[in-house]
Amino acid sequence: MNANMAVNFAQGNDYKVWLEKIKQKVRAAQIKAVIKVNAELLAFYWELGVDIVLKQKKSKWGDGVLAQLSRDLAAEFRDIKGFSLSNLKYIKQWYLFYSRSPAFSQQLVGQITQIPWGHNIVIMSKCKNVKEALYYVQNTLIQKAWVPGLDKCQIIFKDLTDKKNRYYVY
């Protein structure tokens with residue numbers, strides 16, 4: 001195939017439509033990958049929350065251990081930002097918030113690990129109880145109301161029960 005024929009091929013409508021379909025598939029695959037990575041990360045955070053709470057209870061360690069753990073993990077895993085002291089506190093709080101609820105189940109864990117970590121923090125911080133939190137978790141899942149990469153300050157939850165369609169921006 002000569003260069004002139006290749007240029008004509010690339011300018012044809014059939015090729016452009018085909019190329020657009022491929023681009024859409026690539027983007028869809030990227031989003032699926034981000035969602036799977038997010039779910040694995042949150043499953044790890046849940047296990048870490050369990051470990052922190054059990055270890056602190058068994059060993060009678062106070063919250064000071066979180067600062068040391070943060071330093072040690074950050075030193076070992078320099079490219080991972082999730083081991084800050086504040087994040088470790090959120091991980092512990094997240095586990096305790098949901099695990100103490102009568103609604104606690106593996107299904108609940110499965111739901112909360114399907115939405116981004118920043119959304120989980122906002123929901124946990126703003127909701128008074130697990131029932132209220134689950135309302136936002138479930139509506140986030142139903143509406144696919146998140147986009148990978150959004151900063152947690154840009155998260156918007158639509159309160160479906162409010163007739164005024166009020167939006168909460170955190």
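Values in this text are rule-based calculations from the coordinates and carry no lab data. In this text the structure is predicted, and so the values were computed from the model without any measurement. Every residue, glycine as well, gets a Cβ built from its backbone with ideal geometry; the counts of neighbours run over all protein chains shown.
Cβ under 13 Å from Leu54's Cβ, Leu54 left aside: what net charge do those residues give with Lys, Arg +1 and Asp, Glu -1?
With Lys, Arg at +1 and Asp, Glu at -1, the neighbours total +3.
Sequence gap at least 6, Cα distance under 8 Å: using those rules, report the relative contact order of segment 23-91 to the nearest whole percent. All intermediate terms of the calculation are to be shown ahead of the outcome.
Working: 23 pairs, mean separation 17.8, N = 69.
Result for segment 23-91 is 26 percent.
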TODO: Order by neighbour count: Ile91, Ile123, fewest other Cβ atoms within 10 Å first, most last.
DONE: Ile123, Ile91
- [ ] Quick one: order Tyr95, Tyr15, Tyr136 by neighbouring beta-carbon count within 10 Å, fewest to most.
- [x] Tyr15, Tyr95, Tyr136
Task: Proxy reagent accessibility, fewest Cβ within 10 Å first, across Trp117, Trp94, Trp18 - done: Trp18, Trp117, Trp94
